[in-house]
Amino acid sequence: MNDRNGVTGAEPDLLLKVHLQASAFSGPGASPSGSAPGAGTDEQQGPGDLAAQFSAKSGTFDSAATWQVLIPIDKKKFQDLKQVYDVNKQVEVAGQKILFRKLSVYPTRISIDLACDPANTRKILFFDDLAVVDEKGNKVGAIANGISGSTPDADHRTLCYQSNYFAQSKELYIEGSSIRAVDKSEESVRVDLNKSTLIGNPAG
């Protein structure tokens with residue numbers, strides 16, 4: 001461990017641990033597990049009070065007590081901070097139709113609502129490199145740590161990205177070059193437990 005003076009292995013003079021916990025999760029229909037029936041709606045459910053818990057420890061002092069501070073958050077100040085763009089553009093990839101319905105920009109994230117045609121012969125599994133790009137070429141990618149999206153049903157999904165809200169972009173583009181999919185006839189996998197082999201596994 002390195003302290004502020006760069007001395008390896010030295011104990012800091014004071015170790016302060018802080019634990020933050022919100023009473024709710026922000027985002028449309030978001031939940032701790034990342035999946036919720038209401039995902040994909042326009043409602044922004046911001047957190048309530050933010051609780052900060054402190055405990056302290058030093059070479060001569062070790063506190064067994066924990067202090068808690070409640071930090072109130074006024075949701076009215078940010079509940080309308082969103083920009084919604086109706087896209088309603090359909091693209092076709094390898095015969096599979098995907099409708100990009102709308103793009104919503106919030107201070108904390110960007111969400112893309114899309115729908116796959118129920119008549120598609122393949123199930124779209126993953127968008128490898130889908131990104132949001134502004135008129136200057138600045139690109140924001142998917143959220144790596146946190147809620148990266150939701151799937152309300154088999155044909156609809158919401159993808160979440162890093163936000164460029166405060167950049168006030170004049171133009172936004174949705175770009176991508178790779179999609180993973182599997183034939184719906186090969187979507188299910190059967191396993192022979194006695195022989196430890198796959199039966200009818202997807203091609204490739």
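The values are calculated or read from the model by the stated rules, or taken from the named source; none is laboratory data. Remember, it's a predicted structure, so these values are computed and weren't measured experimentally. Neighbour counts run over all protein chains shown; Cβ positions are idealised from the backbone, glycine included.
A few comments on the model shown:
- Scanning the range 122-135 for residues being in a loop (DSSP other than H, G, I, E, B) and surrounded by fewer than 17 Cβ atoms within 10 Å (Cβ to Cβ) gives a total of 3.
- Of residues in the range 132-159 being aliphatic (A, V, I, L, M) and more than 13 Å from the chain's Cα centre (by Cα), the one modelled with the lowest pLDDT: Ala154
- Residue list for the range 136-162, restricted to those being crowded, with 16+ Cβ neighbours inside 10 Å and outside any loop (DSSP other than H, G, I, E, B): Val140, Ala142, Gly149, Ser150, Pro152, His156, Arg157, Thr158, Leu159, Cys160, Tyr161
- Exactly one residue out of Tyr173, Tyr165 is under 29 Å from Lys75 (Cα atoms) and surrounded by fewer than 17 Cβ atoms within 10 Å (Cβ to Cβ), and it is Tyr165.
- Test: residue in the range 182-196 that is in a loop (DSSP other than H, G, I, E, B), of a type outside the set (Ser, Thr, Tyr) and surrounded by 13 or more Cβ atoms within 10 Å (Cβ to Cβ): no
- Residue, farthest from Tyr161 (Cα to Cα), within the range 90-121, restricted to residues that are assigned to a strand (DSSP E or B) and among the polar types (S, T, N, Q): Gln96
- The set of residues from the range 66-101 being among the charged types (D, E, K, R) and touching a Gly at 6+ places or on another chain (Cβ under 9 Å) comprises just one member, Lys75.
This table checks each residue for (1) closer than 15 Å to Gln96 by Cα; (2) polar (S, T, N, Q); (3) touching a Phe, Trp or Tyr at 6+ places or on another chain (Cβ under 9 Å).
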{"position": "Thr121", "(1), (2), (3)": "yes, yes, no"}
{"position": "Pro152", "(1), (2), (3)": "no, no, no"}
{"position": "Thr158", "(1), (2), (3)": "no, yes, no"}
{"position": "Glu186", "(1), (2), (3)": "no, no, no"}
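- Ile179 vs. criteria crowded, with 17+ Cβ neighbours inside 10 Å, among the β-branched types (Val, Ile, Thr) and over 29 Å from Gly95 (Cβ atoms): no
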